[in-house]
1. For Leu84, only one of the following conditions fails: (1) modelled with pLDDT of 90 or more; (2) surrounded by 10 or more Cβ atoms within 10 Å (Cβ to Cβ). What is its number?
2. Of the residues that sit in the stretch 24-43 and are among the aliphatic types (A, V, I, L, M) and part of a helix (DSSP H, G or I), which one is surrounded by the most Cβ atoms within 10 Å (Cβ to Cβ)?
3. Return the residues of the stretch 44-77 that are at negative phi and either in contact with a His (Cβ under 8 Å, 6 or more places away or on another chain) or not in a helix (DSSP H, G or I) (or both); say none if nothing qualifies.
4. Inside the stretch 44-66, can you point out the residues that are basic (Lys, Arg) and surrounded by 12 or more Cβ atoms within 10 Å (Cβ to Cβ)?
Amino acid sequence: MTSQLSPPATAQDCMASLPVMYYTRRMKILTVRLPAALVSEIEAEARRRMISKSDVVRERLSRAAGKRRALDAIVDLVGSIEGLPADLSGRKAVADG
């Protein structure tokens, strides 16, 4: 009996519907240890969306990085409004009054 090897998977053969670059570019491997509850959440999302757990993790990491970049864009504006007390909790007496 001879076994036949199937051709390499193409982007169309893969389960996740991601841009071709996800499957054609080389990615580095990173191993992390996660709490069981988080792993269960990632697995459930991957099953529900019919994508790989790696894709779920990549998306979550990308979103988190994007949120940090958005905060970095406005960080110089934080606390820059003139005419307000240095500590807004100082107005508490006025609000309780």
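1. So Leu84 meets the others, but not (1).
2. Among residues in the stretch 24-43 that are among the aliphatic types (A, V, I, L, M) and part of a helix (DSSP H, G or I), the one surrounded by the most Cβ atoms within 10 Å (Cβ to Cβ) is Ile42.
3. Within the stretch 44-77, Ile51, Ser52 qualify.
4. If the condition is that a residue be basic (Lys, Arg) and surrounded by 12 or more Cβ atoms within 10 Å (Cβ to Cβ), then Arg49, Lys53, Arg58, Arg60 are the ones that fit.
The values are calculated or read from the model by the stated rules, or taken from the named source; none is laboratory data. The shown structure was predicted, so the numbers you read here are calculated from the model rather than taken from an experiment. Glycine gets a Cβ as well: all are built from the backbone with ideal geometry, and neighbour counts include every protein chain shown.
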